[in-house]
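These notes are about the structure you will find just below.
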Amino acid sequence: MAQELSVRVKEIIPRTYNVKSVRLDIGQEAEFKAGQFLAVTLQDNPGLKRYLSISSSPTEKSYLEFTKKLTESAFSKVLLKLKPQDPVKIQYPMGKFTLDDAYTNIAFLSGGIGITPIRSIVKYVVDKNLGTDMVLIYANRSVKDIVFKEDFDALQKVYPKLKVVHVLGEPAPDFKCIPGLINVQVIKNEVSDYLNRRFYLCGPPQMVEVMGKILTDGLKLAKENIITENFQGY
């Protein structure tokens, strides 16, 4: 059941040129499932409220972290000015974009800031050494747009059952990636056992819809093996 808390900012971490993570000191051990989200209200103003995925893992116990792409919205403009010790109201945890222990082989399809709950899930699996086999196909415009790149690089080094594949609209010559967009052939090439995996899709609503159709129509996956999370409004 979700709880409401008044908390303070602990740390703010730039992730890319237009993405920031905010770590909150909640004064207690955070109780949530990897992949869930929270409601964040700034300046005690109901008009400055957003639902954002928790990007930290339940294994990272000293804080609760959310990560947001900065836009021209009023919420983003206030968020940009946040500093340590500033007060924030939160309500958490919510959502069902979470691990199912029945599936030992999973795959993630994500784009842009949709990576946030996936970072939470992957970090949790690695920290707990659950043995889950994971493939992440992550689409972005360019290298500079990749959120948590360093995290995923480090996680792959310590957890052999994690494979991260970058798909870029504007590929860089010195960066290993697949040019273009996620499509049927990309998934077949990178996830050869796709029929035996549960897929998690997270990103902008239009992308999630397209990816869902690729899986059901193009690859004939059963809908019950597809879990989705839409990022509305940013």
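What follows is calculated from the coordinates using simple rules that are stated; it is not laboratory data. What you see is a predicted model, and the numbers here were worked out from it, not measured in a lab. Counting neighbours? That spans all protein chains shown, and the Cβs are built from the backbone with ideal geometry, glycine included.
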(request) Mind giving me the nanometre distance, one decimal, between the label points for Tyr17 and Leu80, set 7 Å out from Cα along Cα→Cβ? (result) 1.4 nm
(message) Explain nothing, just compute: Karplus ³J(HN,Hα) = 6.51 cos²θ - 1.76 cosθ + 1.60, θ = phi - 60°, for every residue of segment 22-30 in order, whole Hz, x for Gly and Pro.
(response) 10, 9, 10, 8, 9, x, 7, 6, 5
(message) Taking Rg/Rh (Cα atoms, Kirkwood Rh) straight from the coordinates, which label in [x] 0.96; [y] 1.04; [z] 0.93 is the correct one?
(response) [x]
(message) Taking θ = phi - 60°, what integer Hz values does the Karplus form 6.51 cos²θ - 1.76 cosθ + 1.60 yield along segment 73-88, in sequence order, with x for Gly and Pro?
(response) 5, 4, 4, 4, 5, 6, 4, 4, 9, 4, 9, x, 5, 5, x, 9
(request) At 7 Å along the Cα-to-beta-carbon direction for both Lys188 and Ala102, put a label point, then send me their distance in nm to one decimal. (result) 2.9 nm
(request) May I ask you to derive the relative contact order of the chain, considering only C-alpha pairs under 8 Å and at least 6 residues apart, and to give it as an integer percent? (result) 19 percent
(message) List the residues, sorted by chain then number, that are 5 or more residues from Tyr200 or on another chain and whose placed amide H is less than 5 Å from its amide H.
(response) Ala107, Phe108, Leu109, Ile227
(request) Set Lys and Arg Cβ to +1 and Asp and Glu Cβ to -1, take the dipole of the chain about its Cα centre, and tell me which of Phe199, Asn230, Leu168 lies farthest positive. (result) Leu168
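Taking every DSSP beta bridge that has both residues in the chain, what percent is antiparallel when rounded to the nearest 5?
Numbers: 30 of 56 bridges.
So the antiparallel bridges amount to about 55 percent of the total.
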(request) Per residue of segment 42-54, in order, report the coupling 6.51 cos²θ - 1.76 cosθ + 1.60 (Karplus, θ = phi - 60°) as ³J(HN,Hα) in whole Hz, putting x for Gly and Pro. (result) 9, 6, 6, 10, x, x, 10, 10, 9, 9, 10, 5, 7
(request) Tell me which residues come under 5 Å, amide H to amide H, from Ile178 once H is placed; ignore anything under 5 positions away on its chain. (result) His166, Val167, Leu168
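Cα convex hull of segment 156-206: how many Å³ per residue?
126 Å³
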(message) Taking 0.36 nm per residue of sequence separation and subtracting the Cα-Cα distance, how much length would be gained by fully extending the chain between Met94 and Asp153, in nm to one decimal?
(response) 18.4 nm
(request) Find how much the distance from Gln206 to Thr59 grows on full extension, using 0.36 nm per residue of separation minus their present alpha carbon separation; answer in nm with one decimal. (result) 49.7 nm
(request) Mind checking the full-extension length gain between Glu4 and Ala39? Use 0.36 nm per residue of separation minus the Cα-Cα distance, one decimal, nm. (result) 11.7 nm
